[in-house]
Amino acid sequence: MKPSKQDIIAILSQHKLYLKGTPGGERANLSGTDLSGADLRRADLTDADLSGANLTHAYLRDTNLRVADLSGANLTDANLSGANLSGAYLSGTNLSGANLTHAYLRGADLCGADLSGADLTHAYLRGTNLRGANLCGANLRGANLTHADLTDARRTTA
């Protein structure tokens, strides 16, 4: 079921209180939620649970997703340019065709993620786990991959 704009606003408000440690705050749990096409730009989703969520074509420009759980989420063709995904858990996530230009992914876990055709131009991937990730057709121009683990990552089609 797709939440209404008002539902999303309420969840983000509760999450903001949670992040501040204010009584009545609640961690955003959007696990398995259909957020396809949602406009979440500049939202603070630090430590949110978005595992298994459908975020295809979502607009997440400059969104704070630090240490968020996005494991198994579908972010096909999502706009994550300038997003902060440091320490985020993106294992098994589908990011094919996603725009990750200037995204900050330091220490993120992208083990087994599908980044085929993704635009990672000038993305910061220092210390990122890309073990077994699919990077076929991904644009890595200017990306910082210092100390990134690329073990078994696919960079070309067979």
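List of remarks:
- Being β-branched (Val, Ile, Thr) and within 21 Å of Leu45 (Cβ to Cβ) is a property that Thr151 lacks.
- All of Arg131, Arg126, Arg155 fail the test of being in contact with a strand residue (DSSP E or B) (Cβ under 6 Å, 6 or more places away or on another chain) and either more than 16 Å from Ala83 (Cβ to Cβ) or of a type in the set (Val, Ile, Thr) (or both), apart from Arg131.
Okay, residues lined up against (1) basic (Lys, Arg); (2) under 25 Å from Leu130 (Cα atoms); (3) surrounded by 21 or more Cβ atoms within 10 Å (Cβ to Cβ); (4) touching a residue at least 24 places away in the same chain (Cβ under 8 Å):
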position	(1), (2), (3), (4)
Leu12	no, no, no, yes
Ala28	no, no, yes, no
Asp39	no, no, no, no
Leu45	no, yes, yes, yes
Leu60	no, yes, yes, no
Ala88	no, yes, yes, no
Leu95	no, yes, yes, no
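- Every residue from segment 114-157 that is surrounded by 17 or more Cβ atoms within 10 Å (Cβ to Cβ), hydroxyl-bearing (Ser, Thr, Tyr) and in a loop (DSSP other than H, G, I, E, B): Ser116, Thr121, Thr128
- Any hit, segment 10-17, residues being of a type in the set (Gly, Ala, Ser) and under 18 Å from Ser81 (Cβ atoms): no
- Test: Arg66 is out of contact with any Lys or Arg (no Cβ under 7 Å at 6 or more places or on another chain), closer than 25 Å to Leu17 by Cα and part of a loop (DSSP other than H, G, I, E, B): yes
Coordinate-derived values only; no laboratory data. The structure displayed is predicted, hence computed values, not measured ones. Neighbour counts are summed over all protein chains in view; Cβ atoms, including those assigned to glycine, are modelled from backbone coordinates with ideal geometry.
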